[in-house]
Amino acid sequence: MNKNVKTMFILVLAAIILLAFNKAFAAFSLSITPYAGGYDLNYGKINGLEPRINKEVVVNITCDIGKQYRLIQTLLEPLTNIQGVSIPQNNLLVYGIRGTNKYGTLAVEGEVPVSFGRMFIYTSNQSGLSDSFTLVYGLEGPFNVPAGIYRGRLSFTLEPIDTDQAPVSVILNISAEIAIESKIEITTATGTKTITLNPAKEEMKSADVLIDIKGAMGAQFKIIQVMNEPPISAEGYSLSQDAIKFYVKDARKGIGITSSTSLSSRPQTIYTSGISGEPEAFIVNYSLGDLEKEKAGKYRTAIKYLLEGSGYLKEGLIDTLALEIENAPIFDLIINPEAGGLIQFKNLKALSPPQINEVVIQVKTNIGKPYQVSQKVLSGFTNKEGDVIPEKYFKLNEEKIDTKGILKYPAKTEAKVGDTVLFVSDKEGSPDSFKVIYELSIPADLKAGDYSTGITYTLSEI
């Protein structure tokens, strides 16, 4: 080999070695660093009720190959617990903060879910200059997954365009501890643990119970109510089946009993959740039916609220509320027509036909004790001049109106001036009613005119 050829060979070899050396040591690197520090994107402990948590990641790209490049993101593993349950893909989102990059173009200035496919994050300028920027990864609730630790992996690949430069990949681990604080709170609208009803007070004729389902349950469930026993008073009386009504209002995600329903000692499903057992708050309204025939007293029982078919909460008793119904004593006498205690006949004349006056007497009571109804005739029938019709011309008799007690004068008898017992109740002191028919005969020697007398009625316990 002559000297010139040898020299040329050495120069070519040196150029090849230099080119290979420069290519081997060209700068083309990628770093992915969580803004909060460390090597993993760690969301820490997350309350299942929080709507969203954002974490920032700083991307640094070093490049001197003089060629355009791009950054591609791929979800290798979604956030998954050891049982294989994954947080839904759409709960993890990413966007780039506009203006944090200097040269290239961010492809994710608008927020998008992190996906398994190749997602273009960034493309450099034509010169492939080094750059850096910030990505924000948002973890958005509700999660509808069990509590626990969830781990996943993201892959970032730096790919050159139109060159044989080898791509560079970096793995970013993601973790989050989901602390589901699922619970069901039950309380009255007044904040107590006692439902109080009283028909005598307008503001206590009904009462609201608030049921607040906090946190997703992860599965469909039911809330069941059971009354321990019918409400019982200290005297041993119990309320009838239809004495207390309830219905559910303001339930939107689940289904409740919306029509007025009698409270029962049998289990009653008052609410059925949606398929995923979403958080929900609703009201159970309790009200009184007709207590007119119920005995007076303070009635007590308790209502148990049970959970059935839940996801994260243990099935069984949620809570118990006391139920108190105060049925105030009623002991009333109603006279119809109400004439102010006066019976008056006008323009009476000798030999006129007998005059009739009928009175319906009704007793409303719930005290459960025997009673009697008495009348007091204040005087004989008298006109303004003081003339009096003798007692023997004034008679009375009584008729039943679904009467349960004893009528003292079923046959016509003289209505004497003074006190007379008209009626005695049954042993239970049941509410009752009857009719009194008064008849005034006209004496042959009557002085014409208007005649009247006063009668008062008394209701008293025996």
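One residue stands out in the stretch 140-181 among those that are of a type in the set (Phe, Trp, Tyr) and in contact with a Leu (Cβ under 8 Å, 6 or more places away or on another chain): the one that is farthest from Glu111 (Cα to Cα), namely Tyr150. Evaluated against (1) in contact with an Asp or Glu (Cβ under 9 Å, 6 or more places away or on another chain); (2) modelled with pLDDT under 95, Asp162 falls short on exactly one condition, (1).
Residues of the stretch 159-169 that are under 15 Å from Arg118 (Cβ atoms) and part of a strand (DSSP E or B): Glu159, Ser169. Can you tell me how many residues in the stretch 438-454 are closer than 12 Å to Phe394 by Cβ and either out of contact with any Phe, Trp or Tyr (no Cβ under 8 Å at 6 or more places or on another chain) or exposed (fewer than 13 other Cβ atoms within 10 Å of the Cβ) (or both)? Selection size over the stretch 438-454: 0. The set of residues in the stretch 307-323 being buried (at least 17 other Cβ atoms within 10 Å of the Cβ) and assigned to a strand (DSSP E or B) consists of Leu307, Ile318, Leu321, Leu323. Select, from Ile356, Ile437, Ile406, Ile442, the only residue that is modelled with pLDDT of 95 or more, more than 29 Å from Leu291 (Cα to Cα) and out of contact with any Lys or Arg (no Cβ under 9 Å at 6 or more places or on another chain). Answer to the check: Ile356. Among the residues of the stretch 120-138, those that are crowded, with 20+ Cβ neighbours inside 10 Å and either over 52 Å from the mean Cα position of the chain (by Cα) or assigned to a loop (DSSP other than H, G, I, E, B) (or both) comprise Ser124, Gly128, Asp131.
Each residue in the stretch 192-237 was checked for being of a type in the set (Ser, Thr, Tyr), surrounded by fewer than 16 Cβ atoms within 10 Å (Cβ to Cβ) and in a strand (DSSP E or B), and 2 pass. Tell me, please, whether a residue that is more than 38 Å from the chain's Cα centre (by Cα) and part of a strand (DSSP E or B) can be found in the stretch 139-149. Looking through the stretch 139-149, none of the residues is more than 38 Å from the chain's Cα centre (by Cα) and part of a strand (DSSP E or B).
Going through Thr269, Thr301 one at a time, which residue ends up being outside the structural domain of Glu428 (by TED's automatic domain parsing), in a strand (DSSP E or B) and farther than 16 Å from Ile318 by Cα? When all the criteria are applied, what remains is Thr301.
The values are calculated or read from the model by the stated rules, or taken from the named source; none is laboratory data. Quantities reported herein were computed from a predicted structural model and do not represent experimental measurements. No Cβ is skipped: glycine too gets one built from the backbone with ideal geometry, and neighbour counts run over all protein chains shown.
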